[in-house]
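What follows is a short report on a single structure.
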Amino acid sequence: MLEVEVISGRTLNQGATVEEKLTEEYFNAVNYAELNEEDWDTLGLQEGDRVKVKTEFGEVVVFAKKGNVPKGMIFIPMGPYANMVIDPSTDGTGMPQFKGVKGTVEKTDDKVLSVKELLEAI
Amino acid sequence: MVENVICTFCGSVCDDGQFDIEQFKSKKLCKLGSSKFSKKERIKAPMIDGKEVSYEKAIEKAAEILVNAKKPLLYGWASTVNEAIRLGVILTEKVRGIYDQCASVCHAPGTLAVIEEGLPGGSLGAIKNRADVVIFWGANPMEAHPRHGMRYSISAKGLLIKDRKQRKVIVVDVRPTKTAKLADDFIQIKPGYDYPIISALRAIISGNADVVPDEVGGVSKEKLMELAETMKNAKYGAILYGLGVTQSRGRDRNIENAVKLIQLLNRTTRWVIWPMRGHYNVVGAGEVPAWEAGYQYAIDFSRGYPRFSPAEFSAVEVLKRKDCDAALIIASDPAAHFPKAAVKHLKDIPVIQIDPFPNMTTLLANVVIPSAVAGLEAEGTAYRMDGIPLRVKKVVDSEYWSDEQILEKLLEKVEEFKG
């Protein structure tokens, strides 16, 4: 298990499939976390592995991907998976904290829920 | 082939697209625009609790829900045209509900900063023609606004800045994004340290470099001195900021601090600051209620007059507090884009959805009303990210009603029920 800072944000694929949310393409565009290569090795991850991301606000299982992020940071594309773990408090602004939430990431055998299952689980 | 099609995806609102009606395919647009102007699965017909009904029946049911609710939330509006938003604001007032829009979870912290400090801004045209230094701060246009760089801010050929070599592009971000790869300089900062870094730049530029420590938010003092020098020496500089600034620690205060930095620079040179707005008409979703009711978002009409308070009336706060008993969601998908603590209440109340495409909100909506895609099947006016109004076109015919048509009918029904 590693301690990380979770950030979320747009990607080209997320944007290109955002009007097709119930398709496989959208599911694939938002259901992963990018990790730094060193963190990837520490967790002993292989292509296709899943990770469980936990913060004080929730947890979510996503696919693991090697990405261009600094050590100790993971990036989850904006969308329903990221929203399971981001900080909903808004400090009076109306804006939840979608970026920079402290959490942990660990390898898991649990499955990645579909978009529908995710909504049912809320 | 239809020429000069106006793209209704991102805030860049490119006005030079082409659309081949026979092949149903666009040309010249980016990956996001091409997906917008392509054939996709649609909501087939209006539905009440999953059963297909006529537009009239669905609208009648929607009106009934809104009229019977004590305090409905009317949320979305960023992906529709000003004509529809105008009706939405009137409708919200009629049903004494809460008007909130997508900027609430996007660029609204910038709006709060502007209320405090004003906005030293410029149009995208001015940036293209004049900006010799462009800083993308927490913004990644290569993924969120793919043609922005080419048309306005990175490689754009302008009147005074004639090519890429004459423009210095700097990216400030927490990770090396695709945009960072195109920049002359990439400054990697620690997440949540925008505020102290901006403060350090203000200190250096105002002649107080001695108070700045050796390192701020992961950036060396030396690097900050270099950046401050570049900013001071610019003839026309632009900070274009993204959600990296508004959605992380500091939120509105980050922007407020950045505006103060720009004011300081403007004592000796010319700088502008502008948000990289996301949806094609999210500016309209704020401007229209501003010219109708005085506020851009988080507006409560429950007392019969508009009150603005994001801490109380922004959609996420309202839903977390379970302070609405019905919701109308239009041109947006909060079930996919709100934190789960807010989505939870949406599952427990009657929800009306108006949207062209099935999405996660469709899965929890009781009344679903499909609409025409603005810019493709319906026309109207949209504000580009810099506030320039553009008339989006109707390119193909459609059986679907436009948002404007639906809201007109809904408003009529609500007035009828209220007597």
- Somewhere in the range B:78-87, is a residue within 14 Å of another protein chain (Cβ to nearest Cβ) and surrounded by fewer than 20 Cβ atoms within 10 Å (Cβ to Cβ)? no
- Answer with yes or no whether residue B:41 is over 24 Å from residue B:241 (Cα atoms), acidic (Asp, Glu) and away from chain A (no Cβ under 11 Å). no
- Subset of the range B:160-180 [in contact (Cβ under 8 Å) with a residue 24 or more places away in the chain and either surrounded by fewer than 20 Cβ atoms within 10 Å (Cβ to Cβ) or on the phi > 0 side of the Ramachandran plot (or both)]: B:160, B:166, B:168, B:178
- Message: Looking at the range B:238-255, can you tell me whether even one residue there is within 13 Å of chain A (Cβ to nearest Cβ), assigned to a loop (DSSP other than H, G, I, E, B) and surrounded by fewer than 19 Cβ atoms within 10 Å (Cβ to Cβ)?
- Response: yes
- Item | Matching option when the condition is surrounded by fewer than 19 Cβ atoms within 10 Å (Cβ to Cβ) and either more than 7 Å from chain B (Cβ to nearest Cβ) or not acidic (Asp, Glu) (or both), among A:38, A:34 | A:38
- Please state which of the following conditions residue A:43 fails to meet, knowing it meets all the rest: (1) over 20 Å from residue A:121 (Cα atoms); (2) facing chain B (nearest Cβ under 10 Å); (3) among the aliphatic types (A, V, I, L, M). (2)
- Query: In the range B:108-127, what residues are touching a Phe, Trp or Tyr at 6+ places or on another chain (Cβ under 9 Å) and buried (at least 21 other Cβ atoms within 10 Å of the Cβ)?
  - Reply: B:108, B:110, B:111, B:124, B:127
- Task: Determine if the range A:3-23 includes at least one residue that is free of Cβ contacts under 8 Å to residues at least 60 places away in the same chain and more than 9 Å from chain B (Cβ to nearest Cβ).
- Result: no
- Checking B:410, B:363 in turn, the sole residue that is farther than 24 Å from residue B:33 by Cα and buried (at least 23 other Cβ atoms within 10 Å of the Cβ) turns out to be B:410
- Residue hits (the range B:147-177; part of a helix (DSSP H, G or I) and either within 14 Å of chain A (Cβ to nearest Cβ) or of a type outside the set (Lys, Arg) (or both)) are B:148, B:149, B:150, B:152, B:153, B:166
- Note on the structure: Residue pairs within 9 Å by beta carbon, gap of at least six or interchain, first lying in the range A:41-56 and on the phi > 0 side of the Ramachandran plot, second not in a loop (DSSP other than H, G, I, E, B), listed first then second, are A:44/A:107; A:48/A:63; A:48/A:64
- Task: Using the structure shown, decide if residue A:29 is over 18 Å from residue B:144 (Cβ atoms) and either under 13 Å from the mean Cα position of the chain (by Cα) or more than 10 Å from every other protein chain (Cβ to nearest Cβ) (or both).
- Result: no
- Among the strands (runs of 3 or more DSSP E) lying completely within the range B:320-419, list those that include at least 1 residues that are more than 21 Å from residue B:73 (Cα to Cα) and of a type in the set (Lys, Arg). B:389-392
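No lab work stands behind these numbers, since they all come straight from the coordinates. All values reported here derive from a predicted model rather than from experimental measurement. Every residue, glycine among them, receives a Cβ derived from its backbone with ideal geometry; neighbour counts consider all protein chains shown.
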